[in-house]
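Encoded as structure tokens, the structure appears first; notes follow it.
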Amino acid sequence: MGSKMLKDANRFVASLKLLCQEKAEDELLYEDDIQISLVKHEMSLHKLVCGNLPVLVVWKKLHLPQDRDETEDSLPSEDILNEEEASEQQNDIGPQPLSLTKARQLMSWYTMSQNPNMPSALCSPLLPLWVRCDMSDPIGTTWLGAEPVSTGNKVSAIKLYTVCSKGATEDKSSFLSLDELMQLHQKRHRASAVETKGYAQYNLFGSTVVENTVIESQCSVTAVFKWSNVEKIFQMPPQSSEAVLDIKLAIGDLKSPLYETYKELEFLEALAQGLQTGEAEWPDPTDPRSAVDLTKALVEELENIERTGQAQTGKVVEQKEGKTEMPAADKGISIYGSAGLDRGDLDFTDQLWVKMRSSVTSYQDIIDCLKMVISAVKHGKIKPGVPKNSRNSLGRLILQSYKQQMEDVSLSGLTPVHMLLEMGLDKMRKDYINYLIGRELTTLNNLSYYLSTEVDLQEQVTRVKKLHHLLEILVICSTFLNLHYECLFPFIQSCLKYYKTSPYDEEHIFQMQIRPVMISNFYQKEEPIVWGVEVFSGQGSREVRTSFHLSDQPLVDHVTFSADFNKTTVNGEKEDTAFFSTLVTHSLINFI
């Protein structure tokens with residue numbers, strides 16, 4: 001029997017070793033119904049317990065019924081379609097727990113494999129192992145975990161974790177007190193002296209409930225606090241806490257002050273798609289007038305100005321109106337009174353882009369508009385103003401016309417789309433420069449990556465989109481959180497640096513270090529979404545911990561809790577928050 005157990009243990013450990021290898025698959029099936037996964041992304045519970053360390057997760061895999069055999073060459077009936085739809089819903093059941101007995105067996109095999117005193121089962125240190133449990137014991141065990149402690153390249157001890165969970169309750173008196181938690185730790189570890197650390201998360205910005213209706217937000221801002229010397233359960237984070245804002249945002253929110261700019265970016269992306277695929281899905285026009293009529297009106301306006309000799313006067317006035325001195329270093333929200341990117345100094349190609357992007361509905365529209373403008377410029381009917389460093393093809397043609405050296409342009413193939421896309425990129429880049437540099441949040445040198453025209457147009461669009469993403473985050477921080485320049489300046493530098501080497505990602509969480517006093521009015525009257533305390537003793541790899549976590553959502557996703565929690569009353573007011581409780585105990589077993 002001993003040899004069989006050893007054989008089973010080695011087979012299980014061999015599966016774990018396979019997942020730990022480089023270029024290995026992220027999951028595999030052990031036996032018939034046990035799934036082992038390598039989890040590299042953050043899981044809420046493991047982030048609290050293990051930090052960002054990759055872990056091996058074991059759970060039960062259910063075998064679902066095989067698909068119905070097709071015996072007739074006919075359309076499926078409505079009943080069969082309903083059955084298939086129900087089956088698809090059942091398939092999406094998520095990870096399932098193992099029995100506590102099986103979980104303990106797997107943990108014992110893992111522990112045995114890491115014990116240097118058992119050479120026949122010895123292997124090199126493995127990643128931490130976590131096994132989902134079914135909560136069937138009196139203390140409600142939902143996870144068992146193990147993490148090797150190494151001295152050099154040799155395992156000298158192993159840390160064992162037990163996670164116990166309880167359903168949500170509004171009765172805060174039912175939770176462990178801090179004294180009880182400290183006594184539990186001291187009893188388990190015979191510690192004469194212990195220390196405590198606190199942890200809390202508050203949702204500052206996100207989805208809200210109004211009159212029983214959830215208003216979804218595409219942005220979330222969470223404040224995360226950490227501090228030492230906890231005084232009581234649910235202690236408010238002290239002003240001496242370390243505080244970080246976790247900010248995640250998806251662009252395109254209808255409620256965003258930059259929604260119109262987002263629509264402009266959306267049209268830019270439609271043009272880029274057209275260049276790449278040869279087909280474009282045109283966004284719905286926002287102006288009822290046709291693109292040709294709008295362009296004709298712009299050309300006629302310039303013709304009238306040219307005839308009356310007011311071109312230079314109009315240009316000077318327009319530029320003066322668009323440049324307003326705006327000292328930024330001493331100010332907060334006041335410098336963001338208007339979150340839009342409107343400039344008063346639009347050159348001709350900027351103005352043409354604004355009119356065309358709001359009205360173009362076809363490839364032919366682009367050809368007709370550009371043909372009209374180029375003809376008017378070529379024949380001297382208009383002399384539009386563009387800057388000497390214009391980066392788009394139409395702007396360069398206009399500059400050539402000043403010297404009567406205008407090249408012939410064939411508006412065939414993808415050339416018209418290419419020209420319009422360049423105009424949009426040029427205009428939007430100047431918008432972002434005007435906003436960021438005008439408020440002293442960065443320098444032109446720091447923006448060189450985002451402004452480069454040395455890369456292809458698809459990459460240029462991506463870089464402009466990155467800038468827009470950062471700008472929407474910046475606007476949330478300034479207009480909603482009222483954060484001041486001293487916070488925003490280093491934050492935007494770190495964001496710009498991140499996007500220079502990382503792909504566009506709306507799931508990325510940007511982090512801002514902040515002093516608690518700057519956001520105290522947002523969290524001090526609110527309940528936390530997560531609150532935790534950790535009691536610990538020992539030092540270094542010999543440190544042992546006992547932690548207690550309270551959360552408005554369960555930290556465990558493989559067991560079912562009551563759904564009647566954190567509901568709103570009939571008048572839309574939220575009842576007292578019900579909190580789930582999670583207790584994590586920790587043991588250290590020495591091998592040598």
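Bear in mind these aren't lab numbers, they're just calculated from the coordinates by the rules spelled out. Here the structure is a predicted model, which is why all the values come from computation and not from measurement.
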State which entries of K102/K197; K40/K226; K7/K159 exceed 27 angstrom in Cα-Cα distance in the structure shown. K102/K197
Skipping prolines and chain starts, which residues have an amide H placed within reach, meaning under 5 Å, of the one on T453, given they are 5 or more residues away or on another chain? none
The answer for E27, listing residues at least 5 apart or on another chain whose modeled amide H is closer than 5 Å to its amide H, is L38
List, in order, the whole-Hz ³J(HN,Hα) value for each residue of the stretch 235-242 obtained from phi through the Karplus relation with A = 6.51, B = -1.76, C = 1.60 and θ = phi - 60°; use x for Gly and Pro. 4, 5, x, x, 5, 7, 5, 7
When the expected Rg is taken as 2.2 N^0.38 Å, what fraction or multiple of it is the alpha-carbon Rg of the stretch 355-468? 1.16
Could you tell me how far the Cα centroid of the stretch 1-40 sits from the Cα centroid of the stretch 116-187, in Å? 20
In order through the stretch 490-497: 3J(HN,Hα) via Karplus (6.51 cos²θ - 1.76 cosθ + 1.60), integer Hz, x for Gly, Pro: x, 5, 5, 5, 5, 5, 4, 5
Through the Karplus equation 6.51 cos²θ - 1.76 cosθ + 1.60, θ set to phi - 60°, convert the phi angles of the stretch 386-394 into ³J(HN,Hα) values in whole Hz; use x for Gly and Pro. 9, x, 5, 9, 4, 9, 9, 4, 5
List the pairs from K154/K187; K172/K525; K430/K465; K263/K465 whose alpha-carbon separation is above 20 Å, in the order I gave them. K154/K187
